[in-house]
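Quick notes on the structure that follows.
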Amino acid sequence: MKKKTIIQVILPIVVVLILGGFFFYRHGISAVSKNDKEVIVKMEKGMGALQMVNRLDEAGLIKNPLCAKIFLKLHSYDHLQANTYVFNETMSVKDMYDIMENPEFKYILKSKITIKEGNTIPEVAEEFSRLLKIKKDDVIKQWKDPQLLQSFIKDYWFIDESILNKNLMYPMEGYLYPETYFITEEKPTVESVTRLSLDMMSKILEPYKDEIQKRGWSMHQFLTFASVVERESLFDKDKPIIAGVFMNRLDQDMLLQSDITVNYAWQRTGVDVSYQHLKIDSLYNTYKYKGLPVGPISTVSRSTLESCVHYDKNDYLYFFAKKDGTVLYSRTLQEHNKTVKENKWY
């Protein structure tokens, strides 16, 4: 009777320990996150399965190294291949080892491309040109192809027929999200790489969709507004304030008078603008035409999108950037003229 009692006490404890160990193990070899985030990991020749665990752990892709090593004791991987892999935080230990055992092209890094914040289409086209080994002008030509543009309108919720406006210099300006993209295709094309960037823009814009629509703006208008803020701001801290200044001017039916838009109309860089430059008859010239420019003038970063949705509600109507990037704000034209006179550096 006593022996039976001991068994009745110990058995549940053993069962609990076994189940606990099992769930601990299952948890330890599961994905580190539910967030879709790509991670590049280089596996070198001569590396064994356990060394690969350490490399994956260093990359932040292993939840529990001990559990991962137990997994390898229980499973046989005899043909793990050296490659530079494009893994994802949503992958389990099994997912990653299965990929390394039988690699598919879509998980192997071939090349990468970086689209920078505040870059214009000609600058982005330079990066595409280097990646795809074609002329920059050919990239831009494809971005103007009506058939391709129509396919983007059809496939992406944030793109509408605004990009078909004949007054736009570059239809895709402002729509490509600035980021580093890892290319796994054997033969990438202008369209396929563009879609990588548009997919990312779709994901980044989605949380702001309702707030933008409450403002009564189309996505084209919002990206246009945000691109002006992007090019006018050097530091993130100034972005919401500058967005507030431009919003005040729009609400008061004032000209935006952004020097950056004038330079874009001339397709020139820099901050200096002459009176001659201001005379250009372009729908990008916000000294001549009220409201927003006809379209975006650069790529737009996440911090700028956020700043434009949640802009600072101030009462400034003017701002001037000093040589070191410090921004001085004014409420009246008289204050602004005084600030410019005292601080102009170009």
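Within the range 159-275, how many Lys pairs that are eight or more residues apart, or on different chains, come under 22 Å at the alpha-carbon?
Final tally of qualifying lysine pairs is 4.
Taking the chain as the reference, fit the longest principal axis to its C-alpha atoms, fit the long axis of helix 2-28 to the helix C-alpha atoms, and give the angle between the two in degrees, 0 to 90, nearest 10.
Its long axis makes an angle of about 30 degrees.
Tell me, what is the Rg over Rh of the range 111-206, with Rh the Kirkwood radius over Cα pairs?
Using only Cα positions, Rg/Rh for the range 111-206 is 0.92.
What whole-number distance in Å separates the alpha-carbon centres of the range 123-155 and the range 32-79?
If we compute the Cα centre of each part, the gap is 37 Å.
If you find the alpha carbon centre of the range 197-251 and of the range 252-288, how far apart are they in angstrom?
19
Quick one: grab Rg to one decimal and Dmax as a whole number for the range 86-130, Cα atoms only, in Å.
For the range 86-130, the Cα-based Rg and Dmax read 15.7, 43 Å.
First obtain the Kirkwood hydrodynamic radius of the range 154-281 from its Cα pairs, then insert it into the Stokes-Einstein equation at 20 °C and 1.002 mPa s, and state the resulting D in µm² per second as a whole number.
Translational diffusion coefficient: 128 µm²/s.
Specify whether the C-alpha gyration tensor of the range 176-227 places it in the rounded, prolate or oblate class, a ≥ b ≥ c being the square roots of the eigenvalues: rounded for a/c under 1.5, otherwise prolate if a/b is larger than b/c and oblate if not.
Prolate.
How compact is the range 208-343 by the rule of thumb for globular proteins, expressed as Cα Rg over 2.2 N^0.38 Å?
0.99
Kirkwood hydrodynamic radius (Cα pairs, Å) of the range 72-166?
Kirkwood hydrodynamic radius for the range 72-166: 17.1 Å.
Taking the Cα atoms only, what angle lies between the long axis of helix 190-205 and the longest principal axis of the chain, rounded to 10 degrees?
The two axes meet at around 90 degrees.
With the chain treated as a Gaussian network of Cα nodes joined by springs under 10 Å, which of VAL124, VAL41, VAL229 yields the largest mean-square fluctuation?
VAL41
Please report, to two decimal places, log10 I(q)/I(0) for the chain at q = 0.15 Å⁻¹ as given by the Debye formula with identical point scatterers on the Cα atoms and no solvent.
-1.20
Rounding to the nearest 20 debye, state how big the charge dipole of the chain is about its Cα centre with +1 on each Lys and Arg Cβ and -1 on each Asp and Glu Cβ.
900
How large is the charge dipole for the range 111-206, taken about the Cα centre, if only the Cβ atoms of Lys, Arg (+1) and Asp, Glu (-1) carry charge, to the nearest 20 debye?
280
Highest GNM mean-square fluctuation, the chain, Cα pairs closer than 10 Å: which of LEU168, LEU292, LEU72?
Taking springs between Cα atoms under 10 Å, the residue moving most is LEU72.
Read-outs: derived from the displayed coordinates by stated rules, not from any lab. All of these numbers come straight from a predicted model, not from anything done at the bench. Glycine also receives a Cβ, built like all others from the backbone with ideal geometry; neighbour counts cover every protein chain displayed.
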